[in-house]
Amino acid sequence: MKIEFINLREIKMRLRSPFETSFGVTQDRRIVLVEVSADGVTGWGEITTDETPSYNPETTQTAWHIISDFIAPSLIGNNLAAASDFPERTEGIRGHHMAKAGVENALWDIEAQQRGVPLWKLLGGTLEQIACGVSLGIRENPQSLVKKVEEELKSGYQRIKLKIKPGKDLASVAAVRKQFPDIRLSVDANSAYRLEDAPHLKELDEFNLLMIEQPLYWDDIHSHAKLQSQIKTAICLDECIHNARHAATAIELGACRIINIKLGRVGGHSEARRVQDVCRQQSVPAWCGGMLESGIGRVHNIAMSTLPGFTLPGDVSASHRYWDEDIIDPEVTVSPNGTIAAPKSPGLGYTVRRSAVNKLTVRQESWKVDAVSVPA
Ligand SMILES: [Mg+2]
């Protein structure tokens, strides 16, 4: 595929309600979208950075810088045999996985369209339906959380995940577990605890949780191994796992029994596929995490979640849980039994609503080879 056009744009989208995690509250999203054309075919990717360097070191602005100053200038006009060639082409750029993933995933969309197959099939997906869970932000009090959980269960979601932080943990989990003794329930701490908190985290063992996600330091696999040996609840790693080698290390050290895979965090579809392969070989369940994505990131997540290693419900949920109006057509919907059907048409299988995207755009920058007409 000859890369003829790259367009980077930042869109502003407001979440329907604020989302609170252990590192802060988000409502206004600054999302960078990547549009790439090759051989006359256009593909889309989404950069899943946060606005601030709180989840990982990347931000909306660092992703823009890396693509604008390094990736786009080196890619434009070049020929790639396949989307899977992209990681090697950008090996010289250390880190910045989310920036790279936005571009790589757009190339996968192009390749799937060129081959006339849905992206999920091109990736090697086998699941025609993916199982969905929801991630619930920290709430004022346990009562309002229980009410929210009830609502989500009524919508069919198969797993409930509660964000926790010190002081907003045991009482919330206890209230939800008391009301719903049998549901698949997990918690996510986003690195809010320290190894010294092990006795406190051990108190979560009585709630029969599916997992506790990333309780400790975002960059420390070894401490999680020490914690896992002290608690019964399975640890799931999120922030710590940046590639398949990290996944293999974490599993070998006993640092986790479950892995959350995020397309952006691991650098795109190529590496995500390798991470789930490691999980599968080691019989470690994997699932797809969310980053408050717009529809474009969401449908890339759907494609990834069809891979056979994804054996637990992910955080991929309906568009309307996040946005009054999503930027894809149709919007992502979830069936009454908590599943999303893999799309049938080539590429992403959803149409990007260009007029909606244009309206939300606050800045853009393009690269093109001479004599190529730009998509309207
Ligand atoms: Mg997480």
Of the residues in region 158-198 that are among the polar types (S, T, N, Q) and within 26 Å of Asn337 (Cβ to Cβ), the one that is farthest from the chain's Cα centre (by Cα) is Gln179
(message) Among the residues in region 138-147, are any of a type in the set (Val, Ile, Thr), more than 16 Å from the ligand (Cβ to nearest atom) and touching a Gly at 6+ places or on another chain (Cβ under 6 Å)?
(response) no
Filter region 297-323 for residues that are more than 14 Å from the ligand (Cβ to nearest atom) and hydrophobic (A, V, I, L, M, F, W, C); the one that is farthest from Ala234 (Cα to Cα) is Trp323
Within region 271-286, the residues that are out of contact with any Cys (no Cβ under 8 Å at 6 or more places or on another chain) and either without any contact (Cβ under 8 Å) to a residue 60 or more places away in the chain or not in a helix (DSSP H, G or I) (or both) are Ala272, Arg274, Val275, Gln276, Asp277, Val278, Cys279, Arg280, Gln281, Gln282, Ser283
Given the condition in contact with a strand residue (DSSP E or B) (Cβ under 9 Å, 6 or more places away or on another chain), of a type in the set (A, V, I, L, M, F, W, C) and either assigned by TED's automatic domain parsing to the domain that holds Ile261 or not in a helix (DSSP H, G or I) (or both), answer yes or no: does some residue in region 104-113 qualify?
no
Those residues of region 256-296 which are away from the ligand (no atom under 15 Å from the Cβ), of a type in the set (Gly, Ala, Ser) and buried (at least 21 other Cβ atoms within 10 Å of the Cβ) amount to Gly267, Gly268, Ser270, Ala272, Ser294, Gly295
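Residues checked against (1) more than 29 Å from Val332 (Cα to Cα); (2) among the small types (Gly, Ala, Ser):
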| site | (1), (2) |
| --- | --- |
| Lys161 | no, no |
| Lys165 | yes, no |
| Lys168 | yes, no |
| Ala171 | yes, yes |
| Arg184 | no, no |
| Ala192 | yes, yes |
| Glu196 | yes, no |
| Asp220 | yes, no |
| Cys236 | no, no |
Filter region 232-255 for residues that are touching a helix residue (DSSP H, G or I) at 6+ places or on another chain (Cβ under 6 Å) and under 16 Å from Ser186 (Cβ atoms); the one that is surrounded by the fewest Cβ atoms within 10 Å (Cβ to Cβ) is Lys232
Result of the Cβ filter at 6 Å on region 235-254, keeping first residues that are at pLDDT 95 or above and partners that are charged (D, E, K, R) and crowded, with 24+ Cβ neighbours inside 10 Å, at least 6 apart or interchain, is Cys236/Glu213; Asp238/Glu213
Looking across region 92-139 at residues that are at pLDDT 95 or above and basic (Lys, Arg), the single one that is farthest from Gln158 (Cα to Cα) is Arg94
Flagged pairs (Cβ under 6 angstrom, 6 or more apart or on separate chains; first in region 308-319, without any contact (Cβ under 8 Å) to a residue 60 or more places away in the chain; second surrounded by fewer than 22 Cβ atoms within 10 Å (Cβ to Cβ) and in a helix (DSSP H, G or I)) are Gly309/Arg280
- Item | Flag if Gly167 is of a type in the set (Gly, Ala, Ser) and buried (at least 23 other Cβ atoms within 10 Å of the Cβ) | no
Quick check on Ile71: is it touching a strand residue (DSSP E or B) at 6+ places or on another chain (Cβ under 6 Å), in contact (Cβ under 8 Å) with a residue 12 or more places away in the chain and crowded, with 24+ Cβ neighbours inside 10 Å? no
Inside region 319-376, the number of residues satisfying the requirement of being modelled with pLDDT under 95 and on the phi > 0 side of the Ramachandran plot is 1
Flagged in region 198-226 as away from the ligand (no atom under 16 Å from the Cβ) and surrounded by 16 or more Cβ atoms within 10 Å (Cβ to Cβ), in numbering order, are Ala198, Phe207, Ser223, Ala225
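Conditions tested, residue by residue: (1) outside the structural domain of Leu136 (by TED's automatic domain parsing); (2) modelled with pLDDT under 95; (3) over 17 Å from the mean Cα position of the chain (by Cα).
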residue	(1), (2), (3)
Leu8	yes, no, yes
Gly24	yes, yes, yes
Val36	yes, no, yes
Thr48	yes, no, no
Pro57	yes, no, no
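The values are calculated or read from the model by the stated rules, or taken from the named source; none is laboratory data. A quick note: this is a predicted structure, and the numbers were derived from the prediction, not measured. With ideal geometry, Cβ positions are generated from the backbone for all residues, glycine too; neighbour counts draw on all protein chains shown.
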